[in-house]
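The values are calculated or read from the model by the stated rules, or taken from the named source; none is laboratory data. Every value quoted in this text rests on a predicted model; they were computed, and no experiment measured them. Cβ atoms come from the backbone with ideal geometry, glycine included; neighbour counts cover every protein chain shown.
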Amino acid sequence: MMDMPTAVGARRRALLVLTVMALSVATAAQAAPRGDGRDWNRGGDTLTGALGLHYGAIGGTGLSFRMPLQWYLYAQAAGGIWHSGDDKRHNLGLQLQYLLRQDSHLRLFTAVGAGFYYHRQRVGAPALDTFEAKTDWNYGAGVGVEVLQGPRWAWLAEFDFVHQERTGNTTVAPQLGVHYYW
């Protein structure tokens, strides 16, 4: 069972993701003038691979790379390494995204993924060289929306059910990202 501060934080994150998704749908619903260069479906320039930043419990946190496996199926890998003195953190997330709907500015997708998180830090006096390491496997699935903001820039927001192996909890967590397509 989650304690009160964790539950309040999870509700706030969920509310933030819902707000971002609602705003993105409302923004995409407003018709953009033709010829502004924003179109997922344009011929000759399919906007296939992407490089960007991603934050999430199953999709990884850090540098992100996306590539299409089929026109309707994308694979994403994201991760990062943060070292500061006695604190070392690593993570890697892999995700598959299946397009449910795509128009010129908006993609609606469902996603499934898994992420590995590693945290090692010094405990006790520095002279003792005592370290504590924690690992966590997260996996889950959810839905998301990706909005094409410019000719090549897009941002995404996801709302996922995430199971954390270390704690045994299943919670709803947001994932956010921004990508540049080539």
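Tabulated data for the structure shown
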item: Members of the range 130-152 that are within 27 Å of residue 90 (Cβ to Cβ) and assigned to a loop (DSSP other than H, G, I, E, B); result: 130
item: Counted residues, the range 74-128 - those being in a strand (DSSP E or B), exposed (fewer than 14 other Cβ atoms within 10 Å of the Cβ) and not small (Gly, Ala, Ser); result: 7
item: Where residue 135 falls short, out of the listed (1) surrounded by fewer than 17 Cβ atoms within 10 Å (Cβ to Cβ); (2) polar (S, T, N, Q); (3) under 20 Å from residue 46 (Cα atoms); result: (3)
item: Residue identified as aliphatic (A, V, I, L, M) and within 15 Å of residue 55 (Cα to Cα) among 125, 111, 75; result: 111
item: Meets criteria (in contact (Cβ under 8 Å) with a residue 12 or more places away in the chain, buried (at least 20 other Cβ atoms within 10 Å of the Cβ), hydroxyl-bearing (Ser, Thr, Tyr) and within 20 Å of residue 38 (Cβ to Cβ)) for residue 181; result: no
item: Qualifying residues in the range 81-131 (those that are over 15 Å from residue 57 (Cα atoms) and hydroxyl-bearing (Ser, Thr, Tyr)) - the one nearest to the chain's Cα centre (by Cα); result: 110
item: Candidate set: the range 29-51, residues that are surrounded by fewer than 11 Cβ atoms within 10 Å (Cβ to Cβ) and of a type in the set (A, V, I, L, M, F, W, C); chosen: the one modelled with the highest pLDDT; result: 29
item: Hits in the range 52-63 (condition: among the small types (Gly, Ala, Ser) and either more than 9 Å from the chain's Cα centre (by Cα) or surrounded by fewer than 17 Cβ atoms within 10 Å (Cβ to Cβ) (or both)); result: 52, 62
